Amino acid sequence: MSLTQILAKKTVFVQAQVIINAVVVIAKMEGEIKKNNIPEGDTIVAIATPPGKGGIGIVRISGVHAIDIAQEIFIKNRTNRDPKVSFGRKDSHRMIHGYIINKHLNQIIDEVLICPMVGPKTYTREDVVEIHAHSNQGILNDILDITLQEGANMAQPGEFTKRAFLNGRIDLTQAEAVMDIINARCHKAREIAAKQITGELKHLLHQIRENIEQAMAVIEMGIDFIEVENNDCLLENNVSHQWRKNILEPITDLVNGSKTAIMYKEGVQVAIVGKPNVGKSSILNRLIQKERAIVSEYPGTTRDIVSESIDINGIIMNLVDTAGIHSTRNTIEKLGIIKSQEAIEKADIVIFVTDSSRENDEADYKIYELIKNKTIIWVQNKCDLVSSNTVTFDTFKNSGIKVSALTGLGIEEIRNEMIKTVMLDDVSEQENYLISTLRQKKCLKDACTYLSQAITGYENGIPLELIAMDFKEGRQKIDEITGNHYHGDLLDTIFSTFCVGK
Ligand code: GDP
(Lines give C-alpha, C1' and ligand atoms only; values in the text may rest on other atoms or scores of the structure.)
Protein backbone atom coordinates (compact mmCIF):
# COMPACT_ATOMS: atom_id res chain seq x y z
CA MET A 1 0.00 0.00 0.00
CA SER A 2 1.42 3.39 -0.97
CA LEU A 3 1.81 6.27 1.47
CA THR A 4 -0.99 8.19 -0.23
CA GLN A 5 -3.23 5.17 0.08
CA ILE A 6 -2.39 4.85 3.80
CA LEU A 7 -2.99 8.57 4.33
CA ALA A 8 -6.26 8.37 2.41
CA LYS A 9 -7.32 5.47 4.58
CA LYS A 10 -6.38 7.38 7.74
CA THR A 11 -8.38 10.39 6.61
CA VAL A 12 -11.35 8.13 6.03
CA PHE A 13 -11.02 6.86 9.61
CA VAL A 14 -10.82 10.37 11.09
CA GLN A 15 -13.87 11.46 9.10
CA ALA A 16 -15.59 8.26 10.07
CA GLN A 17 -15.03 8.92 13.77
CA VAL A 18 -16.61 12.37 13.43
CA ILE A 19 -19.57 10.81 11.68
CA ILE A 20 -19.87 8.05 14.30
CA ASN A 21 -20.13 10.67 17.03
CA ALA A 22 -22.67 12.69 15.06
CA VAL A 23 -24.79 9.64 14.27
CA VAL A 24 -24.73 8.58 17.93
CA VAL A 25 -25.95 12.03 18.98
CA ILE A 26 -28.72 12.05 16.36
CA ALA A 27 -29.74 8.49 17.23
CA LYS A 28 -29.95 9.49 20.90
CA MET A 29 -32.16 12.43 20.03
CA GLU A 30 -34.44 10.21 17.92
CA GLY A 31 -34.75 7.73 20.76
CA GLU A 32 -35.94 10.26 23.33
CA ILE A 33 -39.63 10.09 24.12
CA LYS A 34 -41.70 13.16 24.56
CA LYS A 35 -41.96 13.33 28.33
CA ASN A 36 -44.70 14.85 30.34
CA ASN A 37 -47.96 14.57 28.48
CA ILE A 38 -49.98 14.98 31.66
CA PRO A 39 -52.78 17.56 31.36
CA GLU A 40 -51.59 20.76 33.05
CA GLY A 41 -53.42 21.53 36.23
CA ASP A 42 -54.55 17.98 36.81
CA THR A 43 -53.88 17.24 40.47
CA ILE A 44 -54.65 13.74 41.66
CA VAL A 45 -55.41 12.25 45.05
CA ALA A 46 -55.84 8.76 46.50
CA ILE A 47 -55.66 6.83 49.75
CA ALA A 48 -52.22 5.23 49.54
CA THR A 49 -52.56 2.67 52.32
CA PRO A 50 -54.66 -0.52 52.20
CA PRO A 51 -58.14 -0.63 53.74
CA GLY A 52 -58.53 -2.00 57.23
CA LYS A 53 -57.48 -1.00 60.70
CA GLY A 54 -53.91 0.14 61.26
CA GLY A 55 -51.75 2.72 62.96
CA ILE A 56 -51.43 5.18 60.11
CA GLY A 57 -53.36 5.79 56.91
CA ILE A 58 -51.91 7.96 54.17
CA VAL A 59 -53.65 10.20 51.64
CA ARG A 60 -51.39 11.24 48.79
CA ILE A 61 -51.86 14.26 46.52
CA SER A 62 -49.75 15.01 43.43
CA GLY A 63 -49.81 17.78 40.87
CA VAL A 64 -49.44 21.52 40.40
CA HIS A 65 -52.16 22.34 42.94
CA ALA A 66 -51.14 19.77 45.56
CA ILE A 67 -49.56 22.36 47.88
CA ASP A 68 -52.45 24.88 47.43
CA ILE A 69 -55.01 22.20 48.25
CA ALA A 70 -53.05 21.12 51.32
CA GLN A 71 -52.90 24.71 52.53
CA GLU A 72 -56.70 24.96 52.25
CA ILE A 73 -57.42 21.91 54.37
CA PHE A 74 -54.69 22.08 57.01
CA ILE A 75 -54.34 24.16 60.18
CA LYS A 76 -51.52 24.14 62.70
CA ASN A 77 -53.43 25.30 65.73
CA ARG A 78 -56.84 23.90 66.60
CA THR A 79 -57.78 26.83 68.86
CA ASN A 80 -56.65 29.63 66.55
CA ARG A 81 -57.80 28.46 63.12
CA ASP A 82 -57.47 31.76 61.31
CA PRO A 83 -53.88 32.12 60.13
CA LYS A 84 -53.69 30.42 56.77
CA VAL A 85 -50.84 27.96 56.52
CA SER A 86 -48.33 28.70 53.84
CA PHE A 87 -45.89 25.92 53.00
CA GLY A 88 -42.62 27.31 51.74
CA ARG A 89 -39.48 25.66 50.37
CA LYS A 90 -38.14 25.34 53.90
CA ASP A 91 -41.10 23.08 54.74
CA SER A 92 -40.44 20.76 51.83
CA HIS A 93 -39.89 17.10 52.79
CA ARG A 94 -40.61 17.85 56.46
CA MET A 95 -43.33 16.43 58.64
CA ILE A 96 -45.53 19.16 60.10
CA HIS A 97 -47.95 18.55 62.92
CA GLY A 98 -51.48 19.90 62.67
CA TYR A 99 -55.12 19.15 61.81
CA ILE A 100 -57.13 18.46 58.68
CA ILE A 101 -60.19 20.63 58.72
CA ASN A 102 -63.38 20.84 56.73
CA LYS A 103 -63.50 24.64 56.59
CA HIS A 104 -67.05 24.75 55.20
CA LEU A 105 -68.34 22.91 58.26
CA ASN A 106 -65.64 24.29 60.55
CA GLN A 107 -65.00 20.70 61.58
CA ILE A 108 -61.72 19.04 62.44
CA ILE A 109 -61.44 15.69 60.70
CA ASP A 110 -58.21 14.36 62.25
CA GLU A 111 -54.94 15.23 63.91
CA VAL A 112 -52.24 14.51 61.37
CA LEU A 113 -48.65 14.85 60.24
CA ILE A 114 -48.50 16.46 56.82
CA CYS A 115 -45.51 16.27 54.50
CA PRO A 116 -45.45 18.79 51.65
CA MET A 117 -42.82 17.95 49.04
CA VAL A 118 -41.94 20.42 46.34
CA GLY A 119 -41.03 18.79 42.99
CA PRO A 120 -38.96 17.60 41.25
CA LYS A 121 -37.41 15.58 44.09
CA THR A 122 -40.61 13.63 44.68
CA TYR A 123 -42.11 10.27 43.69
CA THR A 124 -43.87 11.77 40.66
CA ARG A 125 -41.47 14.70 40.13
CA GLU A 126 -44.51 16.95 40.71
CA ASP A 127 -45.42 18.69 43.95
CA VAL A 128 -46.60 15.96 46.29
CA VAL A 129 -48.31 16.13 49.68
CA GLU A 130 -48.71 13.17 51.98
CA ILE A 131 -51.18 13.36 54.84
CA HIS A 132 -50.47 10.83 57.58
CA ALA A 133 -53.72 10.40 59.46
CA HIS A 134 -55.14 7.73 61.75
CA SER A 135 -55.98 4.66 59.74
CA ASN A 136 -59.74 4.71 59.93
CA GLN A 137 -61.55 4.31 56.63
CA GLY A 138 -64.11 6.99 57.53
CA ILE A 139 -61.39 9.54 58.35
CA LEU A 140 -59.41 8.73 55.21
CA ASN A 141 -62.55 8.97 53.05
CA ASP A 142 -63.39 12.36 54.60
CA ILE A 143 -59.88 13.67 53.87
CA LEU A 144 -60.19 12.33 50.33
CA ASP A 145 -63.58 14.04 49.94
CA ILE A 146 -62.38 17.47 50.98
CA THR A 147 -59.34 17.31 48.65
CA LEU A 148 -61.76 16.43 45.84
CA GLN A 149 -63.92 19.40 46.85
CA GLU A 150 -60.82 21.60 46.68
CA GLY A 151 -60.32 20.59 43.04
CA ALA A 152 -58.21 17.41 43.04
CA ASN A 153 -59.23 14.46 40.85
CA MET A 154 -59.41 10.85 41.94
CA ALA A 155 -56.22 9.03 40.85
CA GLN A 156 -56.48 6.06 38.49
CA PRO A 157 -54.77 2.77 39.44
CA GLY A 158 -50.99 3.24 39.27
CA GLU A 159 -51.31 6.89 38.26
CA PHE A 160 -48.64 8.16 40.67
CA THR A 161 -46.12 5.67 39.25
CA LYS A 162 -47.31 6.40 35.70
CA ARG A 163 -46.53 10.08 36.31
CA ALA A 164 -43.12 9.16 37.69
CA PHE A 165 -42.53 7.37 34.35
CA LEU A 166 -44.01 10.10 32.13
CA ASN A 167 -42.02 12.75 33.97
CA GLY A 168 -38.85 10.77 33.32
CA ARG A 169 -37.93 9.82 36.89
CA ILE A 170 -38.11 6.09 36.27
CA ASP A 171 -38.28 3.88 33.19
CA LEU A 172 -40.84 1.17 32.51
CA THR A 173 -38.68 -1.59 34.03
CA GLN A 174 -38.56 0.34 37.29
CA ALA A 175 -42.32 1.00 37.14
CA GLU A 176 -42.98 -2.71 36.66
CA ALA A 177 -40.64 -3.48 39.54
CA VAL A 178 -42.75 -1.27 41.83
CA MET A 179 -45.66 -3.65 41.27
CA ASP A 180 -43.39 -6.68 41.59
CA ILE A 181 -42.09 -5.56 44.95
CA ILE A 182 -45.62 -4.99 46.26
CA ASN A 183 -46.78 -8.39 45.00
CA ALA A 184 -43.60 -10.35 45.79
CA ARG A 185 -44.51 -13.56 47.60
CA CYS A 186 -41.00 -14.60 48.58
CA HIS A 187 -37.70 -12.93 49.41
CA LYS A 188 -36.04 -13.96 46.15
CA ALA A 189 -38.76 -12.18 44.15
CA ARG A 190 -38.35 -9.13 46.41
CA GLU A 191 -34.58 -9.17 45.85
CA ILE A 192 -35.00 -9.16 42.06
CA ALA A 193 -37.63 -6.40 42.16
CA ALA A 194 -35.42 -4.30 44.46
CA LYS A 195 -32.55 -4.54 41.97
CA GLN A 196 -34.87 -3.43 39.17
CA ILE A 197 -36.28 -0.52 41.15
CA THR A 198 -32.81 0.89 41.72
CA GLY A 199 -32.35 0.88 37.96
CA GLU A 200 -29.86 -1.99 37.47
CA LEU A 201 -31.77 -3.30 34.47
CA LYS A 202 -32.29 0.22 33.14
CA HIS A 203 -28.55 0.92 33.21
CA LEU A 204 -27.66 -2.40 31.63
CA LEU A 205 -30.16 -1.82 28.81
CA HIS A 206 -28.88 1.72 28.40
CA GLN A 207 -25.37 0.34 27.91
CA ILE A 208 -26.59 -2.23 25.39
CA ARG A 209 -28.45 0.53 23.53
CA GLU A 210 -25.30 2.64 23.34
CA ASN A 211 -23.42 -0.33 21.91
CA ILE A 212 -26.15 -0.83 19.30
CA GLU A 213 -25.86 2.82 18.34
CA GLN A 214 -22.11 2.53 17.96
CA ALA A 215 -22.66 -0.44 15.67
CA MET A 216 -25.29 1.49 13.70
CA ALA A 217 -22.84 4.34 13.31
CA VAL A 218 -20.24 1.98 11.85
CA ILE A 219 -22.83 0.64 9.41
CA GLU A 220 -23.90 4.18 8.43
CA MET A 221 -20.28 5.04 7.88
CA GLY A 222 -19.90 1.98 5.66
CA ILE A 223 -22.94 3.03 3.61
CA ASP A 224 -21.57 6.55 3.16
CA PHE A 225 -18.02 5.52 2.33
CA ILE A 226 -18.71 2.48 0.25
CA GLU A 227 -18.04 4.48 -2.93
CA VAL A 228 -14.75 5.88 -1.63
CA GLU A 229 -13.27 2.85 0.01
CA ASN A 230 -14.33 -0.75 0.28
CA ASN A 231 -15.33 -1.57 3.82
CA ASP A 232 -12.44 -3.98 4.44
CA CYS A 233 -11.14 -1.52 7.00
CA LEU A 234 -14.23 -2.16 9.10
CA LEU A 235 -13.82 -5.90 8.90
CA GLU A 236 -10.14 -5.55 9.82
CA ASN A 237 -11.28 -4.16 13.17
CA ASN A 238 -13.05 -7.39 13.91
CA VAL A 239 -16.10 -5.37 14.79
CA SER A 240 -18.62 -8.16 14.50
CA HIS A 241 -16.77 -10.07 17.21
CA GLN A 242 -17.07 -6.96 19.41
CA TRP A 243 -20.79 -6.66 18.64
CA ARG A 244 -21.40 -10.27 19.61
CA LYS A 245 -19.58 -9.65 22.86
CA ASN A 246 -21.09 -6.35 23.90
CA ILE A 247 -24.57 -6.59 22.36
CA LEU A 248 -25.64 -10.20 21.89
CA GLU A 249 -23.96 -11.75 24.93
CA PRO A 250 -25.55 -9.49 27.56
CA ILE A 251 -28.95 -9.88 25.90
CA THR A 252 -28.63 -13.67 25.82
CA ASP A 253 -27.56 -13.66 29.49
CA LEU A 254 -30.63 -11.64 30.39
CA VAL A 255 -32.95 -14.00 28.47
CA ASN A 256 -31.34 -17.03 30.11
CA GLY A 257 -31.62 -15.51 33.57
CA SER A 258 -35.26 -14.55 33.02
CA LYS A 259 -36.53 -18.12 33.40
CA THR A 260 -35.19 -18.23 36.93
CA ALA A 261 -36.32 -14.69 37.75
CA ILE A 262 -39.85 -15.34 36.48
CA MET A 263 -39.88 -18.64 38.37
CA TYR A 264 -38.97 -16.86 41.61
CA LYS A 265 -41.67 -14.28 40.98
CA GLU A 266 -44.50 -16.57 39.90
CA GLY A 267 -43.42 -19.52 42.02
CA VAL A 268 -42.14 -22.90 40.90
CA GLN A 269 -44.74 -25.20 39.33
CA VAL A 270 -44.51 -28.64 40.89
CA ALA A 271 -46.74 -31.50 39.68
CA ILE A 272 -47.14 -34.60 41.88
CA VAL A 273 -47.63 -37.45 39.45
CA GLY A 274 -48.13 -41.20 39.67
CA LYS A 275 -50.59 -44.09 39.44
CA PRO A 276 -53.76 -44.00 41.53
CA ASN A 277 -53.29 -44.96 45.18
CA VAL A 278 -49.50 -44.61 45.37
CA GLY A 279 -49.88 -41.82 47.97
CA LYS A 280 -49.77 -38.57 45.96
CA SER A 281 -52.44 -36.80 48.03
CA SER A 282 -50.82 -38.01 51.25
CA ILE A 283 -47.48 -36.54 50.13
CA LEU A 284 -49.12 -33.22 49.17
CA ASN A 285 -50.77 -33.04 52.60
CA ARG A 286 -47.44 -33.80 54.29
CA LEU A 287 -45.62 -31.14 52.27
CA ILE A 288 -48.17 -28.44 53.03
CA GLN A 289 -48.68 -29.74 56.57
CA LYS A 290 -52.45 -29.86 56.40
CA GLU A 291 -55.21 -32.09 55.13
CA ARG A 292 -55.90 -30.44 51.81
CA ALA A 293 -56.32 -33.34 49.39
CA ILE A 294 -58.62 -36.27 50.10
CA VAL A 295 -56.69 -39.40 50.99
CA SER A 296 -58.53 -42.61 50.32
CA GLU A 297 -57.75 -46.28 50.01
CA TYR A 298 -59.95 -46.34 46.92
CA PRO A 299 -58.07 -45.63 43.71
CA GLY A 300 -59.21 -42.70 41.53
CA THR A 301 -60.39 -40.43 44.38
CA THR A 302 -58.45 -37.38 43.18
CA ARG A 303 -60.29 -36.62 39.99
CA ASP A 304 -59.59 -32.93 39.80
CA ILE A 305 -56.45 -30.89 40.27
CA VAL A 306 -55.75 -29.87 43.86
CA SER A 307 -53.21 -27.09 44.24
CA GLU A 308 -51.54 -25.33 47.16
CA SER A 309 -48.58 -23.01 47.51
CA ILE A 310 -45.85 -23.33 50.12
CA ASP A 311 -42.78 -21.26 50.87
CA ILE A 312 -39.64 -23.36 51.09
CA ASN A 313 -36.52 -21.36 51.98
CA GLY A 314 -38.04 -18.21 50.51
CA ILE A 315 -39.17 -19.78 47.25
CA ILE A 316 -42.83 -20.28 46.48
CA MET A 317 -43.64 -23.81 45.30
CA ASN A 318 -47.03 -24.17 43.63
CA LEU A 319 -47.83 -27.82 44.28
CA VAL A 320 -50.38 -29.57 42.13
CA ASP A 321 -51.77 -32.96 43.13
CA THR A 322 -52.83 -34.59 39.88
CA ALA A 323 -55.38 -37.31 39.29
CA GLY A 324 -53.67 -40.69 39.09
CA ILE A 325 -52.79 -41.43 35.48
CA HIS A 326 -54.06 -44.78 34.21
CA SER A 327 -56.41 -46.08 31.54
CA THR A 328 -60.03 -45.69 32.47
CA ARG A 329 -63.47 -45.63 30.84
CA ASN A 330 -64.87 -43.26 33.44
CA THR A 331 -65.51 -39.88 31.71
CA ILE A 332 -64.87 -37.76 34.82
CA GLU A 333 -61.66 -39.64 35.58
CA LYS A 334 -60.60 -39.20 31.95
CA LEU A 335 -61.06 -35.42 32.26
CA GLY A 336 -58.95 -35.46 35.40
CA ILE A 337 -56.21 -37.33 33.58
CA ILE A 338 -56.22 -34.78 30.72
CA LYS A 339 -55.81 -32.03 33.33
CA SER A 340 -52.95 -33.98 34.89
CA GLN A 341 -51.17 -34.09 31.55
CA GLU A 342 -51.60 -30.31 31.22
CA ALA A 343 -50.16 -29.87 34.72
CA ILE A 344 -47.15 -32.00 33.73
CA GLU A 345 -46.56 -29.80 30.70
CA LYS A 346 -46.58 -26.64 32.79
CA ALA A 347 -44.46 -28.10 35.59
CA ASP A 348 -40.92 -26.95 36.34
CA ILE A 349 -40.51 -30.01 38.56
CA VAL A 350 -42.37 -33.31 38.55
CA ILE A 351 -42.53 -35.33 41.77
CA PHE A 352 -42.94 -38.84 40.46
CA VAL A 353 -44.49 -41.10 43.09
CA THR A 354 -44.33 -44.89 43.01
CA ASP A 355 -45.30 -47.49 45.60
CA SER A 356 -42.17 -49.09 47.03
CA SER A 357 -44.11 -52.00 48.46
CA ARG A 358 -44.89 -53.20 44.94
CA GLU A 359 -42.88 -53.85 41.81
CA ASN A 360 -43.02 -51.04 39.28
CA ASP A 361 -45.41 -52.15 36.57
CA GLU A 362 -46.31 -51.17 33.05
CA ALA A 363 -48.49 -48.28 34.29
CA ASP A 364 -45.51 -46.77 36.15
CA TYR A 365 -43.35 -47.06 33.05
CA LYS A 366 -46.07 -45.45 30.90
CA ILE A 367 -46.17 -42.47 33.26
CA TYR A 368 -42.40 -42.33 33.27
CA GLU A 369 -42.46 -42.12 29.45
CA LEU A 370 -44.80 -39.11 29.76
CA ILE A 371 -42.53 -37.21 32.14
CA LYS A 372 -39.03 -38.34 31.26
CA ASN A 373 -38.08 -35.04 29.63
CA LYS A 374 -39.00 -33.03 32.71
CA THR A 375 -36.95 -32.39 35.84
CA ILE A 376 -38.02 -35.32 38.00
CA ILE A 377 -37.79 -36.02 41.71
CA TRP A 378 -38.54 -39.71 42.11
CA VAL A 379 -40.27 -40.60 45.35
CA GLN A 380 -40.63 -44.22 46.47
CA ASN A 381 -43.54 -43.96 48.88
CA LYS A 382 -44.88 -46.40 51.48
CA CYS A 383 -41.38 -47.41 52.57
CA ASP A 384 -42.85 -48.24 55.98
CA LEU A 385 -44.21 -51.38 54.31
CA VAL A 386 -42.02 -54.30 53.32
CA SER A 387 -40.21 -53.25 50.18
CA SER A 388 -40.55 -55.52 47.21
CA ASN A 389 -39.36 -52.99 44.65
CA THR A 390 -35.86 -53.41 43.36
CA VAL A 391 -36.39 -52.11 39.83
CA THR A 392 -35.24 -48.59 38.98
CA PHE A 393 -36.01 -46.47 35.96
CA ASP A 394 -33.22 -46.48 33.42
CA THR A 395 -32.15 -42.84 33.75
CA PHE A 396 -32.18 -42.75 37.57
CA LYS A 397 -28.77 -43.41 39.04
CA ASN A 398 -30.11 -44.03 42.50
CA SER A 399 -33.30 -45.61 43.70
CA GLY A 400 -35.27 -42.45 44.43
CA ILE A 401 -36.10 -40.89 47.79
CA LYS A 402 -37.48 -43.39 50.28
CA VAL A 403 -40.57 -41.81 51.77
CA SER A 404 -43.41 -42.75 54.03
CA ALA A 405 -46.25 -40.27 53.81
CA LEU A 406 -47.77 -42.24 56.67
CA THR A 407 -44.92 -41.58 59.14
CA GLY A 408 -43.43 -38.45 57.54
CA LEU A 409 -40.09 -40.11 56.83
CA GLY A 410 -38.28 -38.64 53.82
CA ILE A 411 -40.62 -35.62 53.43
CA GLU A 412 -37.82 -33.24 54.45
CA GLU A 413 -35.63 -34.84 51.81
CA ILE A 414 -38.24 -34.04 49.15
CA ARG A 415 -38.24 -30.39 50.26
CA ASN A 416 -34.43 -30.26 50.11
CA GLU A 417 -34.38 -31.83 46.69
CA MET A 418 -36.94 -29.28 45.41
CA ILE A 419 -34.78 -26.42 46.63
CA LYS A 420 -31.60 -27.98 45.25
CA THR A 421 -33.27 -28.32 41.86
CA VAL A 422 -34.27 -24.65 41.59
CA MET A 423 -31.47 -22.97 43.49
CA LEU A 424 -29.03 -22.76 40.65
CA ASP A 425 -27.19 -19.76 42.00
CA ASP A 426 -27.71 -17.10 44.56
CA VAL A 427 -29.69 -14.22 43.05
CA SER A 428 -27.62 -11.63 44.85
CA GLU A 429 -24.52 -12.83 43.03
CA GLN A 430 -26.18 -13.32 39.66
CA GLU A 431 -26.18 -9.94 37.94
CA ASN A 432 -28.44 -11.01 35.16
CA TYR A 433 -31.45 -12.40 37.00
CA LEU A 434 -33.15 -9.15 36.20
CA ILE A 435 -35.86 -9.75 33.62
CA SER A 436 -38.97 -10.63 35.54
CA THR A 437 -41.92 -10.06 33.24
CA LEU A 438 -42.95 -11.96 30.15
CA ARG A 439 -43.33 -8.61 28.36
CA GLN A 440 -39.69 -7.75 28.97
CA LYS A 441 -38.60 -11.25 28.00
CA LYS A 442 -40.53 -11.16 24.70
CA CYS A 443 -39.01 -7.78 23.75
CA LEU A 444 -35.53 -9.07 24.56
CA LYS A 445 -35.99 -12.22 22.51
CA ASP A 446 -37.24 -10.16 19.56
CA ALA A 447 -34.28 -7.79 19.97
CA CYS A 448 -31.95 -10.78 19.99
CA THR A 449 -33.46 -12.12 16.72
CA TYR A 450 -33.03 -8.78 14.91
CA LEU A 451 -29.56 -8.08 16.26
CA SER A 452 -28.10 -11.51 15.59
CA GLN A 453 -29.60 -11.31 12.08
CA ALA A 454 -27.85 -7.95 11.65
CA ILE A 455 -24.48 -9.21 12.89
CA THR A 456 -24.58 -12.48 10.95
CA GLY A 457 -25.69 -10.49 7.89
CA TYR A 458 -22.71 -8.19 8.31
CA GLU A 459 -20.36 -11.16 8.52
CA ASN A 460 -21.88 -12.66 5.37
CA GLY A 461 -21.64 -9.45 3.35
CA ILE A 462 -25.38 -8.70 3.19
CA PRO A 463 -26.06 -5.12 1.90
CA LEU A 464 -25.40 -2.65 4.71
CA GLU A 465 -28.79 -0.95 4.26
CA LEU A 466 -30.54 -4.18 5.27
CA ILE A 467 -28.23 -4.61 8.26
CA ALA A 468 -28.96 -1.06 9.38
CA MET A 469 -32.68 -1.87 9.33
CA ASP A 470 -32.20 -4.91 11.56
CA PHE A 471 -30.09 -2.93 14.02
CA LYS A 472 -32.80 -0.28 14.13
CA GLU A 473 -35.51 -2.87 14.85
CA GLY A 474 -33.33 -4.38 17.58
CA ARG A 475 -32.80 -0.99 19.18
CA GLN A 476 -36.54 -0.33 19.08
CA LYS A 477 -37.21 -3.57 20.95
CA ILE A 478 -34.77 -2.48 23.68
CA ASP A 479 -36.58 0.88 23.80
CA GLU A 480 -39.90 -0.93 24.25
CA ILE A 481 -38.58 -2.59 27.41
CA THR A 482 -37.53 0.67 28.99
CA GLY A 483 -40.52 2.61 27.65
CA ASN A 484 -38.32 4.90 25.59
CA HIS A 485 -40.60 3.80 22.79
CA TYR A 486 -44.13 2.51 23.30
CA HIS A 487 -47.34 2.39 21.41
CA GLY A 488 -51.06 1.88 21.85
CA ASP A 489 -52.39 0.70 25.16
CA LEU A 490 -49.10 -0.53 26.62
CA LEU A 491 -49.08 1.98 29.48
CA ASP A 492 -52.75 1.33 30.30
CA THR A 493 -52.09 -2.42 30.26
CA ILE A 494 -49.16 -2.07 32.64
CA PHE A 495 -50.55 0.51 35.06
CA SER A 496 -54.09 -0.90 35.24
CA THR A 497 -52.64 -3.83 37.21
CA PHE A 498 -51.50 -1.40 39.93
CA CYS A 499 -53.49 -0.50 42.99
CA VAL A 500 -55.03 2.96 43.39
CA GLY A 501 -52.66 5.17 45.37
CA LYS A 502 -49.45 3.63 43.98
P1 GDP B 1 -53.22 -41.15 45.69
O2 GDP B 1 -54.38 -41.77 45.03
O3 GDP B 1 -51.96 -41.45 44.94
O4 GDP B 1 -53.41 -39.68 45.93
O5 GDP B 1 -53.02 -41.86 47.11
P6 GDP B 1 -53.56 -41.43 48.55
O7 GDP B 1 -52.72 -40.38 49.14
O8 GDP B 1 -55.03 -41.16 48.46
O9 GDP B 1 -53.28 -42.76 49.35
C10 GDP B 1 -53.82 -44.01 48.95
C11 GDP B 1 -53.80 -44.96 50.12
O12 GDP B 1 -52.47 -45.25 50.49
C13 GDP B 1 -54.48 -44.42 51.40
O14 GDP B 1 -55.16 -45.46 52.03
C15 GDP B 1 -53.29 -43.94 52.25
O16 GDP B 1 -53.57 -43.97 53.60
C17 GDP B 1 -52.23 -44.94 51.85
N18 GDP B 1 -50.89 -44.41 52.00
C19 GDP B 1 -50.41 -43.24 51.47
N20 GDP B 1 -49.13 -43.11 51.79
C21 GDP B 1 -48.76 -44.16 52.52
C22 GDP B 1 -47.55 -44.61 53.14
O23 GDP B 1 -46.51 -43.95 53.08
N24 GDP B 1 -47.56 -45.79 53.80
C25 GDP B 1 -48.69 -46.56 53.88
N26 GDP B 1 -48.60 -47.70 54.54
N27 GDP B 1 -49.84 -46.17 53.32
C28 GDP B 1 -49.89 -45.02 52.65
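The values are calculated or read from the model by the stated rules, or taken from the named source; none is laboratory data. On a predicted model such as this, the values are computed, not experimentally measured, just so you know. Reconstructed Cβ throughout: ideal geometry from the backbone, glycine too, with neighbour counts over all protein chains shown. Only protein heavy atoms, including side chains, enter the accessible area calculation; ligands, DNA and RNA are left aside. Shrake-Rupley method; radii C 1.70, N 1.55, O 1.52, S 1.80 Å.
Could you count how many residues in segment 84-111 are modelled with pLDDT of 95 or more and in contact with a helix residue (DSSP H, G or I) (Cβ under 6 Å, 6 or more places away or on another chain)?
Qualifying residue count, segment 84-111: 3.
So how many residues does segment 468-502 have that are part of a helix (DSSP H, G or I) and either farther than 25 Å from ILE44 by Cα or open to solvent by less than 30 Å² (accessible area, probe 1.4 Å) (or both)?
Of the residues in that region, 18 qualify.
Return the residues of segment 337-357 that are of a type outside the set (Asp, Glu), more than 12 Å from the ligand (Cβ to nearest atom) and under 24 Å from ASN416 (Cα atoms); say none if nothing qualifies.
Residues satisfying the conditions are ALA343, ILE344, LYS346, ALA347, ILE349, VAL350.
Based on what the data block shows, is GLU465 exposed (fewer than 15 other Cβ atoms within 10 Å of the Cβ) and assigned to a helix (DSSP H, G or I)?
yes
Of everything in segment 72-94, what is open to solvent by less than 100 Å² (accessible area, probe 1.4 Å) and part of a loop (DSSP other than H, G, I, E, B)? Give them in sequence order.
Hits for segment 72-94 are ASN77, ASN80, ARG81, PRO83, VAL85, SER86, PHE87, GLY88, SER92, HIS93.
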